[in-house]
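Read the structure below first, then the notes.
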Amino acid sequence: MKVEQTILKDCFIITDTVFGDSRGHFFESFHKQKFHQLTGLDVDFVQDNQSSSTKGVLRGLHFQNGEHAQAKLVRVLKGSVLDIAVDLRPDSITYGQYVSIVLSEDNQKQFFIPRGFGHGFIVLSDEATFFYKCDNFYHKPAEGGIIYNDVELSIDWQLPSDQILLSEKDLLLPTFNEFKKSIIK
């Protein structure tokens, strides 16, 4: 397992050692002790989620608030996505900055996103199966989000806007500026 710190504190790209032969391949997708040793973080995952989407589907930018905040370890089982993490921790020196990574069944990379971050992804392949672990249970009243095309965040989603498919709920998310005002209150 190789762990690479991104420009955002406690946000890591993880590359696992893949063992392959004529039968296929094997890799250890998570090992709590190794993860702790390489990141310094002690994370207890309690919920796994999986989604299937077609090209252009954008899910995000989502987060859970307060005591229901979630750290996530995300990966792609099939296809390819552009994954985005946005630092939403007001006291962080990288507040409002984002990092992106292409996750695919070919590169087998994983992305660790700590609590206090917004998260989203867009499907780049014809289809994708996205899998992630969370360290806290989903709590609907604590859900929040920021609109994907926020001008201030200026995220490059790598697809033209006319190819992006959003849920009705995600189309109504507030801007980053509206989010900042809501946490000041």
May I ask you to verify whether Phe112 is modelled with pLDDT of 95 or more, within 21 Å of Ser29 (Cβ to Cβ) and touching a Phe, Trp or Tyr at 6+ places or on another chain (Cβ under 8 Å)? yes
Taking Ile7 as the residue in question, decide whether it is closer than 17 Å to Asn107 by Cα and not basic (Lys, Arg). no
Filter segment 17-34 down to the residues that are of a type in the set (Phe, Trp, Tyr) and in contact (Cβ under 8 Å) with a residue 60 or more places away in the chain, then identify the one that is nearest to Ala69 (Cα to Cα). Phe30
Working only within segment 1-36, note down all residues that are of a type in the set (A, V, I, L, M) and touching an Asp or Glu at 6+ places or on another chain (Cβ under 6 Å). Met1, Leu8, Ile13
Could you run through segment 17-39 and say how many residues are on the phi < 0 side of the Ramachandran plot and in a strand (DSSP E or B)? 5
Tell me which strands (runs of 3 or more DSSP E) are completely within segment 40-138 and hold 2 or more residues being within 19 Å of Ile14 (Cβ to Cβ) and touching a residue at least 12 places away in the same chain (Cβ under 8 Å), or say none if there are none. 47-54, 72-78, 80-87, 98-104, 109-113, 117-123, 127-134
Out of the residues in segment 8-19 that are over 15 Å from the mean Cα position of the chain (by Cα) and either among the aromatic types (Phe, Trp, Tyr) or closer than 18 Å to Ser100 by Cβ (or both), state the one that is surrounded by the most Cβ atoms within 10 Å (Cβ to Cβ). Thr15
Might you check whether a residue that is over 23 Å from Phe179 (Cα atoms) and modelled with pLDDT of 95 or more occurs anywhere in segment 93-101? yes
Just for segment 141-170: of the residues that are within 19 Å of the chain's Cα centre (by Cα) and of a type in the set (Asp, Glu), which one is farthest from Ser53 (Cα to Cα)? Asp150
Is it the case that some residue within segment 155-163 is buried (at least 17 other Cβ atoms within 10 Å of the Cβ) and either without any contact (Cβ under 8 Å) to a residue 60 or more places away in the chain or in contact with a helix residue (DSSP H, G or I) (Cβ under 8 Å, 6 or more places away or on another chain) (or both)? no
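So that you can scan it fast, the table gives a plain yes or no per residue for (1) at positive phi; (2) buried (at least 19 other Cβ atoms within 10 Å of the Cβ); (3) among the polar types (S, T, N, Q):
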position	(1), (2), (3)
Asn65	no, no, yes
Val81	no, yes, no
Arg89	no, no, no
Tyr95	no, no, no
Val102	no, no, no
Glu105	no, no, no
Phe111	no, yes, no
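The values are calculated or read from the model by the stated rules, or taken from the named source; none is laboratory data. From a predicted model like this one, the values you see are computed outputs, not experimental measurements. Please note: Cβ atoms are built from the backbone with ideal geometry, for glycine as well, and neighbour counts cover all protein chains shown.
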